[in-house]
1. Go ahead and estimate [θ] at 222 nm for the chain from helices alone: -39,500 (n - 2.57) per DSSP H run with n ≥ 4, summed, over the residue count, rounded to 500.
2. Which ordering of Lys229, Lys47 is given by a fewest-first count of other beta-carbon atoms within 10 Å?
3. FRET efficiency for Ile252 and Asn174, Cβ-Cβ distance as r, R0 = 22 Å, nearest 0.05?
4. How far apart, in nm, are the 7 Å Cα→Cβ label points at Asp406 and Leu18?
5. Give a quick list of chymotrypsin sites (Phe, Trp or Tyr not before Pro) in the range 329-395 that DSSP marks as loop, anything other than H, G, I, E or B, with at most 13 other Cβ atoms within 10 Å.
6. Please give me the summed charge of the neighbours of His283: other residues whose Cβ is under 10 Å from its Cβ, Lys and Arg +1, Asp and Glu -1.
7. So, in nm, how far is label Gln315 from label Trp192 when the simple model puts each one 7 Å beyond its Cα toward the Cβ?
8. Specify the residue with the greatest mean-square fluctuation among Ala312, Ala418, Ala163, computed from a Gaussian network of the chain linking alpha-carbon atoms under 10 Å apart.
Amino acid sequence: MLPLLGLATIVVLLAAILSKRMSPLVALIIVPIAASLIGGFGLQTSKFVIDGLKSLAPVVGMFVFAILYFGTITDAGTLDPIIDRILRTVGTRPTRIVMGTTLLALLIHLDGSGAVCFLVTIPAMLPLYDRLKMDRRVLAAAASMAAGINFLPWTGPMIRASASLHLPISALFNPLIPVQIVGLVFVFGMAWWLGRREEKRLGYTGADGAIPMPKRELTDEQKALRRPKNFWFNILLTLVVLGTMVVMGEKIPPAIMFMVGLCVALLVNYPNVDMQRQRIDAHARAALMMAGILLAAGVFTGVMQGSGMLKAMAQAAVGFVPPSMATHIPVALGFLSMPLSMLFDPDSFYFGVLPVIAEVAGQLGVPAVHVGQAALLGQMTTGFPVSPLTPATFLVVGLTGIDLADHQKFTFPLLFGASIVMTIACVVLGIFPL
């Protein structure tokens, strides 16, 4: 009875989200509570919910303050000199332009927002691509690869994986640092290859300077917020915040680092109380939306675990997995995680599918952390810029003016390749056992 109820709960949750009958926030709250009541757990349901919310509090805090922190230092213009330097450096050679596009998108995506990354990168580089008659699909692919390879601790997939598996973010992220470096090498290698291919197609002769460089124009509101004199302070502050997270993540919770970092950034860049309030208000909507979904996910995972539905489902599924194949679960998921982005949106996968896979793997002796890391190699990381289930994909094709099918056909193999390379790196580096 319990395994069937758990399966039905997940099926209904996925159907409600994927069919857009309910928003993820509504589905993650209503569906599990209804299932718990149907299962006869009655007032125990409230305990399951509270336990789930408690387990997610540190993750929610980190995400909220990470958004506010990166929003504040971006408003202060910390990235402006870097962006302008990249635009000056790339010149009019296609190889440099594509690699510069990749680097720019990588830096902009440090805040974890795909939408912001594409809204800044594509308009900044598109005039140059058009003047040189470069393929706009290359621009879309370069920005997508850079954004897709980013699974830093404050990005959505990382936080969802941590929340759904109840694992510290440092346990998931720190072992993947060398793997991400391998992925970056692959991405910049592909950017160089795409640039060389464009040079051959266009018959590039090496004559730079004949075509004027596009200029970035800031609005009056953006100029009023810029604090160029604080550039090095903001860079140093960011390095301290991120460095402490990576080196001392087990001792100092990431949420604390972003809280302190935000306070320092506001006090230094915007000492006026009204301006501090305005900067928080400007980024509060994005922070609140994600926090709401994470807390709703706490309801779902709390009910599924507290009621025993998740464990019962895993025990029933273990019989279908040969014990000899158990150690291969992370590798198999690593290879499949990117294509799964085409079938599942991040909330339905990380909160509906991943816990079941992790529980099955756990029953067979495979640590949940390996399952979470395998998912992060592709599921809504390298997969999100081409998935029809994410608004960012349509933002890419809208800003570049290319067809969705053309973008997917051109970029999918590159992103899938990055996922495969990182999965192989996990095996070679001993992160995934064979």
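What follows is calculated from the coordinates using simple rules that are stated; it is not laboratory data. Small disclaimer: the values here were computed from a predicted structure and weren't measured. Every residue, glycine as well, gets a Cβ built from its backbone with ideal geometry; the counts of neighbours run over all protein chains shown.
1. Values: 20 runs with 307 residues, N = 434.
After summing the helix terms and dividing by residue count, I get -23500 deg cm²/dmol.
2. Working: Lys229 10, Lys47 13.
Arranged by neighbour count, lowest to highest, Lys229, Lys47 become Lys229, Lys47.
3. 0.95
4. It works out to 3.0 nm between the two label points.
5. Details: sites: Phe335, Phe344, Phe349, Tyr350, Phe351, Phe394; in loops: Phe344.
Loop-located and lightly packed - none at all.
6. On the way: positive: Arg279, Arg285; negative: Asp75, Asp111, Asp281.
After counting each charged neighbour, the total is -1.
7. That separation, rounded to one decimal, is 5.5 nm.
8. Maximum fluctuation in the GNM of the chain, among the listed residues, is at Ala312.
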